[in-house]
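Chemist: Sending over a structure as structure tokens; questions will come in a sec.
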Amino acid sequence: MNLTDEQKAVVESRASRFTVRASAGSGKTSVLVERYIAQVVEHGLTPDEIVTVTFTRKAAAEMKSRIVARLRELGLFEEAQTAETGPVQTIHSLCERILRENAVTALVSPDFEILEGARATILREEAIRDALLTAIEEETPARRLVEGLSGKGSYQEAAWSHGRIRKAVEDCLDKLRNSGRDRGDFQEIYANADAAMAHWKQHMLASLPGPIGQPENYHEADWGVKLQMVLKNSSVKAPGWVNLGPGESDRALAEDTVGLVWLATTAWDLLEGRMLRDMEFDFALLESKALSLLKDSPETVAKLRRRWKMLLVDEAQDLNPAQYRLFQYLGVPSEMLVGDAKQSIYSFRFAEPALFVARCEEAEVLSLSRNFRSEPPLLRFVDHVFGALWSGHYEPAAERMEDPDDPFATLPADGFEGVELWPMPHRDTTSLAKLVKSLIDEGTEPNELAVLCRTHATIQVLATKLRSLGVAYRIVGAAETFFARLEVRDIANALEALSDPYNDYAMLALARSPFIGISLDSAVIAVSQSPVYEALGREQDWPYDDGLKLRSAWPWFERLRDSIDGLPAWETTAKLLNETGYLERIAKTPNGLQAVANVRKLLDLATREPDMTARDFANRIRDIRSLRHKEGEAPVIDEGEPAVTLMTVHSAKGLEFDVVVVAETQRKLEPRRVDVVIDAPKGLVVAKFDRRISAAYSWLRAETGQREIEEEQRALYVAMTRARKRLCIEVAEEGGYESLASNVARLAGLPNPPHSGLRVRRLPDR
């Protein structure tokens, strides 16, 4: 490939340890592949001596295929064959390889299994449930917290509160386990309220500048009062939390936090104990075991360093603290990390972009700043928006203007041509769908068009609106709650009714579903003559044509009921679909194609567990649904068919489209109200389940809330840089262009359209 000077510098660098800042569309994957090839061709490394790590399996597979193709292109067929099985993988695959190859030293079975999806979710929820039960049944630090939240009010209020604390424990457990710290660290920090408050105080003071924040100056119990006096006599503006009187006023919250951390660490112990017993590891335990092996076994580290000569890491801005530590322990002699802090949008996967920024400050840094993806007017627009938003921290991707103080004085004639603003109220998916259709009516090919949303819920609603307009769409990467879909619940209820006909709920649900389809009037009659199974099988004058439906259904129901004990769930499900005409009926519903695809996916899931009975499979579906496990819906439209792509911004990362519509930019940027604020790498947890005023909570909420806002801004950057030729942005409508309140227009301070080439697209009736 023809390399730019920036790209050539990265490929040819002889530094043993350096970092590459790679902007969106800068060709970083191609550059990474070329550096890999250069190490083989020019420096004599073999592919099994180069460890290449990227973020997803799909990205790893693509990178491996490109490396293999380049080696074959150069006639290096033996090296290409080695690269096919060499270490080009995700970080979890790397951990798995290290553990399996050193199983005896790591004290694990070489045949351990990797837990993903629903199974991992179920085990975690079981551990949380057992921790909550222990907290109530025994004298524990969490007993008062659990009883206080779950033991008051009506049944509904108690259930809501119980769900609330389960969610808090779940969040705390996940963040603590992925923090890179040991469980014992958190147990020590939160051993009691005094220890918790001392830890908070240390970090609160450290956030203040210079000598003002020295902990040794504030020994008193009322250290907050003294701090207020010190700040009053200085030129430093006092943060809001200082005026809340930090110190003893936070004791009640500290006691609640101690209880919460006890619950989370107890669940942590239970969960990993069961995983180790059964040799089933989720990703967090996989990383933890690999870290422990490298930390405790110098012989293993020495062996790996002899084998691996170079480490190449892509998407390094998305690494979590444990993963950074893994690479530090590994200590491969030559190391290159590639990333872009502007594109770090995976905090929900515990990514810490600050670690990548710190890495850039401590090691040699090279840049890939030029964007080869987007047309110049689009790049100028992105630069203007984020140059204003991030001021001196932003590196432009387009050519610089002649006068940086007045960029519009020298704006080219095309200005921001290709960029459109779509003013509309927040969550107006009807208008959004109509404007998407207007693009297609103007000649935009559906396959060239992507709509990027911030939430899965918006995608589902927008899909319905597009379907009503006759616009074909393809949902990519959006995790709908698959197990809560009506057709999936229909199957579960049918299997449960066949297993136990005297389960009135399941039997009635089956009768009302498209499997049989009786009316609500007949359902009421059946309930009044309970048991429902006997009532439905009785000859009587049913309303409408329900009697005909029941007489038609009864033979297949009795036949399957008699044979169900000898059949696995997948076979019962297959017979159920084959004998009932269910698929034909749901195919005629408004979302029929999707429903049919989901049923087929459910059948495929059942075949993966051939020993599971129908009753167990029905219970599994019900358990997974109650645990809110996310499972993607089955694809409906083939990849080659013309359709608009609907996806979340997170799913779009790494992709590009000719035309991109960025939805949901009107959301107000502000920290969300949460029960628990956590900065796990620093060992900080503050729980606040009531309206008490707390300095510690206010301080940590402000710290973490600012990071949330910064991630929202980075998500907008990622979305806008997916476009090659045309960028359309949904913005807030408040009486005209000048008063638009969207993140884009407000934060960038854009000029009026006549001066910039910006187009504002509105519906004719707006």
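The values are calculated or read from the model by the stated rules, or taken from the named source; none is laboratory data. It should be emphasised that the depicted structure is a prediction, and the values quoted were computed from it without experimental measurement. Neighbour counts are summed over all protein chains in view; Cβ atoms, including those assigned to glycine, are modelled from backbone coordinates with ideal geometry. Calculation scope for accessible area: heavy atoms of the full protein, side chains included, ligands and nucleic acids excluded. Shrake-Rupley method; radii C 1.70, N 1.55, O 1.52, S 1.80 Å.
Chemist: Could you tell me the center-to-center distance, by alpha carbons, between region 428-505 and region 1-51 in angstrom?
Modeler: 41 Å
Chemist: Apply 1/(1 + (r/R0)^6) to the Cβ-Cβ distance of T455 and A9, taking R0 = 51 Å, and write down the FRET efficiency to the nearest 0.05.
Modeler: On the way: r = 40 Å, r/R0 = 0.79.
Approximately 0.80, to the nearest 0.05.
Chemist: Mind running the shape call on region 161-315? Use the C-alpha gyration tensor, a ≥ b ≥ c as the square roots of the eigenvalues: rounded below 1.5 for a/c, prolate if a/b tops b/c, oblate otherwise.
Modeler: Details: a/c = 2.90, a/b = 1.64, b/c = 1.76.
Judged from the Cα gyration tensor, region 161-315 comes out oblate (a/c at least 1.5, b/c at or above a/b).
Chemist: Over its Cα atoms, what ratio of radius of gyration to 2.2 N^0.38 Å does region 14-78 give?
Modeler: Region 14-78 yields a ratio of 1.14.
Chemist: A further question follows. Explain nothing, just compute: Karplus ³J(HN,Hα) = 6.51 cos²θ - 1.76 cosθ + 1.60, θ = phi - 60°, for every residue of region 338-353 in order, whole Hz, x for Gly and Pro.
Modeler: 10, x, 8, 4, 5, 10, 7, 10, 10, 4, 5, 9, 6, 5, 10, x
Chemist: With the contact rule set at Cα under 8 Å and sequence spacing of 6 or more, what percent relative contact order holds for the chain?
Modeler: Working: 1175 pairs, mean separation 144.8, N = 766.
About 19 percent, as a whole number.
Chemist: Continuing with the same structure: Just grab the label-to-label distance for L603 and R585, each label 7 Å out from Cα along the Cβ direction, in nm (one decimal).
Modeler: Using points 7 Å along Cα→Cβ, the separation is 1.6 nm.
Chemist: Could you tell me the accessible area of S698 in Å² (1.4 Å probe, neighbours in place), rounded to the nearest ten?
Modeler: In the full protein context, S698 sits at about 50 Å².
Chemist: Follow-up. What's the long-distance tail for region 510-619, i.e. % of Cα pairs beyond 17 Å? Show your work: numbers first, answer last.
Modeler: Values: 3579 of 5995 pairs.
For region 510-619, the share of Cα pairs beyond 17 Å comes to 60 percent.
Chemist: Okay, moving on. Please give the per residue accessible area of the chain, computed with a probe of 1.4 Å over protein heavy atoms only, in Å². Don't skip to the end; give the middle numbers.
Modeler: Values: 34720 Å² over 766 residues.
Per residue, the chain has 45 Å² of solvent-accessible surface.
Chemist: Something else about it: Taking H as built 1.01 Å from N, whose amide H comes closer than 5 Å to the amide H of F372, not counting residues under 5 places away?
Modeler: Those qualifying (amide H under 5 Å, at least 5 residues apart or on another chain) are S26, G27.
Chemist: Quick one: check the C-alpha center-to-center distance for region 687-716 versus region 233-283, whole angstrom.
Modeler: If we compute the Cα centre of each part, the gap is 14 Å.
Chemist: Here is a further query. Convex hull over the alpha-carbon atoms of the chain: what's its volume per residue in Å³?
Modeler: Numbers: hull volume 165.1 nm³, N = 766.
Spelled out: Cα convex hull of the chain, divided by residues, is 216 Å³.
Chemist: Then there is this: Per DSSP H run of n ≥ 4, the term is -39500 (n - 2.57); total these for the chain, divide by its residue number, and report the mean residue ellipticity at 222 nm rounded to 500 deg cm²/dmol.
Modeler: On the way: 32 runs with 397 residues, N = 766.
Calculated mean residue ellipticity at 222 nm is -16000 deg cm²/dmol.
Chemist: Which percentage, to the nearest 5, of the DSSP beta bridges contained in the chain is antiparallel? Can you show the working numbers first?
Modeler: Numbers: 4 of 53 bridges.
About 10 percent, rounded to the nearest 5.
Chemist: Please compare each pair in K342/K682; K201/K682; K58/K653; K64/K295; K237/K682; K289/K309 to a cut-off of 18 Å on the Cα-Cα distance and tell me which ones are over it.
Modeler: Working: K342/K682 23 Å; K201/K682 13 Å; K58/K653 12 Å; K64/K295 29 Å; K237/K682 25 Å; K289/K309 23 Å.
Checking Cα-Cα distances, K342/K682; K64/K295; K237/K682; K289/K309 exceed 18 Å.
Chemist: Which percent of the Cα-Cα distances in region 411-515 go past 16 Å?
Modeler: Values: 3800 of 5460 pairs.
Considering region 411-515, 70 percent of its Cα-Cα pairs are separated by more than 16 Å.
Chemist: Something else now. May I ask you to rank S563, S235, S334 by accessible area, largest first, using a 1.4 Å probe over the protein chains only? Walk me through the numbers before you get to the answer.
Modeler: Numbers: S563 45, S235 120, S334 20 Å².
Sorted by accessible area, descending: S235, S563, S334.
Chemist: Enter the accessible area of K434 (Å², nearest 10), with the probe set to 1.4 Å and all protein chains included.
Modeler: 80 Å²
Chemist: In Å and on Cα atoms, what radius of gyration and Dmax does region 264-411 show?
Modeler: Using the Cα atoms of region 264-411, the pair Rg, Dmax is 21.2, 69 Å.
Chemist: Something else now. Over all directions, how big on average is the projection of the convex hull of the alpha-carbon atoms in region 455-563, in square nanometres? Before the final figure, lay out each step's value.
Modeler: Working: hull surface 36.9 nm².
Value for region 455-563: 9.2 nm².
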